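Data first, discussion second: the structure below is written as structure tokens.
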């Protein structure tokens, strides 16, 4: 009886937490009307996998970033991109780089390759973040890896070293 109750509890938790994430609804920033927020929603899932020393879900979320950036580029407007009109030209030029970096991340075959490709994607998204309007994730930096990343939390969780050096780094921009 205990095992059946535990299985039922796990099934319910899956429905509450996993399905919204799989549908892209589990992220604070996901917003189909704002390209930056949509991209960041998928980026957060990739970040979480790397913090947990895993590549699970990374190809799916990376491909979703490619789709989002390509969609924004195809019918570009500052509003759709989530940037001010003053940043529209610069943002439009940056989108192909983000798409290419996300595509490379989707092809990463192991954790080391994924972390390197994530660094390239993070560099591009930090630049996009500077142009974006509204609420934004924090920029963190690892002095050991000499690489930035974006994260929601004030508490450092390093995607480049995961469990080996989880707290290495600092918030450099809120």
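The values are calculated or read from the model by the stated rules, or taken from the named source; none is laboratory data. Here the structure is a predicted model, which means the values were calculated and not measured. Here Cβ is always computed from backbone atoms with ideal geometry, including for glycine, and neighbour counts include all displayed protein chains.
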- Item | Residue check, residue 118 at pLDDT 95 or above and touching a strand residue (DSSP E or B) at 6+ places or on another chain (Cβ under 8 Å) | yes
- Message: Suppose the filter is surrounded by 17 or more Cβ atoms within 10 Å (Cβ to Cβ), closer than 24 Å to residue 35 by Cβ and more than 14 Å from the chain's Cα centre (by Cα); does residue 119 pass it?
- Response: no
- Note on the structure: Conditions (1) surrounded by 11 or more Cβ atoms within 10 Å (Cβ to Cβ); (2) assigned to a loop (DSSP other than H, G, I, E, B); (3) modelled with pLDDT under 95 -> residue 33 fails only (1)
- Scope region 70-87; condition in contact with a helix residue (DSSP H, G or I) (Cβ under 8 Å, 6 or more places away or on another chain) and free of Cβ contacts under 8 Å to residues at least 12 places away in the same chain; matching residues: 77, 85
- Note on the structure: When region 88-103 is checked residue by residue, the ones that are more than 13 Å from the chain's Cα centre (by Cα) and without any contact (Cβ under 8 Å) to a residue 24 or more places away in the chain are 88, 89, 92, 93, 100
- Query: Within region 122-174, which residues are more than 12 Å from residue 47 (Cα to Cα), over 14 Å from the mean Cα position of the chain (by Cα), surrounded by 17 or more Cβ atoms within 10 Å (Cβ to Cβ) and in contact (Cβ under 8 Å) with a residue 40 or more places away in the chain?
  - Reply: 131, 132
